[in-house]
Every structure is written in structure tokens, then in C-alpha cells.
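The values are calculated or read from the model by the stated rules, or taken from the named source; none is laboratory data. Here the structure is a predicted model, which is why all the values come from computation and not from measurement. Cβ placement follows ideal geometry from the backbone for every residue including glycine, while neighbour counts extend to all protein chains displayed. In case anyone asks, the SASA skips ligands and DNA or RNA and just uses the protein heavy atoms, side chains included. Shrake-Rupley method; radii C 1.70, N 1.55, O 1.52, S 1.80 Å.
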Amino acid sequence: MDFEKLIVYQKAKEFNRMINEDILSISSLDRILKDQLRRASLSIVLNIAEGSSRFSKADRKNFFVISRGSTFESVAVLDTIKSGIIDNEILSKLKAIAEEISKMLFVMIRQLQK
């Protein structure tokens with residue numbers, strides 16, 4: 001599939017993998033926050049894929065906007081739980097990847113507005 005070649009999709013998959021391996025495995029983490037983070041980080045990946053399948057610019061843009069929102073949501077959850085629970089190095093790497101994803105999606109959204 002073409003969307004699998006997108007760098008933003010690959011970064012979103014990496015972000016989701018790191019969330020699953022490095023954050024959701026923390027046993028002391030609140031169950032509700034885990035669930036929210038699991039859904040938000042997966043939403044980034046899925047909405048990029050689904051948006052890529054759409055024919056109209058407006059439809060594609062909508063899915064990319066949702067994906068970008070899920071990126072922000074993921075970072076907000078990480079900020080909520082970071083106090084002593086998440087390793088600072090892992091948190092910094094996750095935030096850097098999230099920022100890259102956000103910027104890439106922003107460019108894609110802007111291009112679809114033209």
C-alpha cells in the first residue's frame with residue numbers, strides 16, 4: 001500500500017511501538033491513562049492510513065487533522081504521567097518523534113487546503 005511508504009506513517013508506527021513497549025508496560029501507570037494513550041497513539045497511525053485512502057482532498061485533510069490531534073493528545077497524556085514514572089530520555093525521544101509527526105501532518109494538511 002502506498003501509505004506504508006510515507007515517512008509520517010513510519011514515524012507514527014515507531015511512536016506507537018515505543019508507547020506500547022516503553023510506557024504501557026509500566027505496571028504502576030493508571031489503567032485509564034494507559035487506555036487513553038493506547039487509543040490516541042494508535043489513532044495517529046490509523047488515521048494516516050485511512051486518510052491516504054480517500055479520494056477527495058477534504059476527506060484526506062480531515063483524517064490528517066484527526067491524526068494530528070491524536071498526536072497532541074498523546075503528548076498531553078505523557079505530560080500528565082511523566083512525574084517520576086517515565087524515564088526522561090524515553091519521554092524526550094517520544095516528544096521529539098511526536099513533534100516530527102505533527103510538523104509533517106501540518107504540511108500535508110496545508111497542501112490539501114490549496
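Each peptide among 26-35, 98-107 gets the average number of other Cβ atoms lying within 10 Å of its residues, and from highest to lowest they stand as 98-107, 26-35. Between beta-carbons, use under 15 Å as the cut-off and find the net charge around Lys11, counting Lys and Arg +1, Asp and Glu -1. Overall, the nearby charge balance is +3. When peptides 6-18, 52-64, 79-91 are ranked by their average number of other Cβ atoms within 10 Å per residue, the highest-first order is 6-18, 52-64, 79-91. Accessible surface area normalised per residue over the chain is 59 Å², counting heavy atoms of protein chains with a 1.4 Å rolling probe. Only protein atoms count toward the accessible area here, which uses a 1.4 Å probe; on the stretch 67-114, the carbon and sulfur part of that area reaches 54 percent. Between beta-carbons, use under 12 Å as the cut-off and find the net charge around Ala49, counting Lys and Arg +1, Asp and Glu -1. Value of the local net charge: +1.
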